[in-house]
Each structure stands twice: as structure tokens, then as C-alpha cells.
Amino acid sequence: MPFRQKYIKPASLTWLASALPLGAGVFIAFEPVHHFTDWSKALSLAFGGTSPYLLINAGLIGIGLRGAIKA
């Protein structure tokens, strides 16, 4: 099974629930680059003030576990 079909499944609710914190963590971590400070603070507060690095890791773990399921 190709890499893309194994890990990227946008129709899966589990994949979406893992991709959301991953994307949010990347957005928050790159705040010095894009300068959307208010949006980054609001997104950080929406996730309970969790560090962007923890959000990225949680997203990657969820996507990896979803890819490990043989369904």
C-alpha cells in the first residue's frame, strides 16, 4: 500500500481529529513568520494553552496510529 493511501485518509474521523491539532500546532509555532499574533493566541487558547510542540506530536501520533490500523 502506498504511503499516501496508508496515512492520509481525509474521510476518516480519526485522521481529521489528528490532523486538526497538527495543523494548529504548526500554525502556532510559525507565528513569528506569519505575524498573526491574535489568531495564534486564540487558537492556542482554544486548545487550552497547550504548547504547539505537544499539539504537533499528538497529531503525528494519531495519524501514525491510524495508519497502523489494518482496515
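A few notes on this one:
- Taken as a whole, the condition of being of a type in the set (S, T, Y) and under 12 Å from the mean Cα position of the chain (by Cα) applies to S18.
- With respect to (1) more than 21 Å from L16 (Cβ to Cβ); (2) in contact (Cβ under 8 Å) with a residue 60 or more places away in the chain, the lone exception for G67 is condition (1).
- The stretch 28-59 - residue that is of a type in the set (A, V, I, L, M) and loosely packed, with under 15 Cβ neighbours inside 10 Å and, of those, nearest to the chain's Cα centre (by Cα): L54
- Number of the condition not met by W15 [criteria: (1) assigned to a loop (DSSP other than H, G, I, E, B); (2) touching a residue at least 40 places away in the same chain (Cβ under 8 Å); (3) not small (G, A, S)]: (1)
- Conditions (1) among the aliphatic types (A, V, I, L, M); (2) touching a Leu at 6+ places or on another chain (Cβ under 6 Å); (3) at pLDDT below 95; number of the one not met by A24: (3)
- The stretch 1-25, subset touching a helix residue (DSSP H, G or I) at 6+ places or on another chain (Cβ under 7 Å) and among the hydrophobic types (A, V, I, L, M, F, W, C), residue surrounded by the fewest Cβ atoms within 10 Å (Cβ to Cβ): A17
The values are calculated or read from the model by the stated rules, or taken from the named source; none is laboratory data. Model, not experiment: these values are computed from the prediction. FYI the Cβ positions are ideal-geometry reconstructions off the backbone, even for glycines, and counts take in every protein chain you see.
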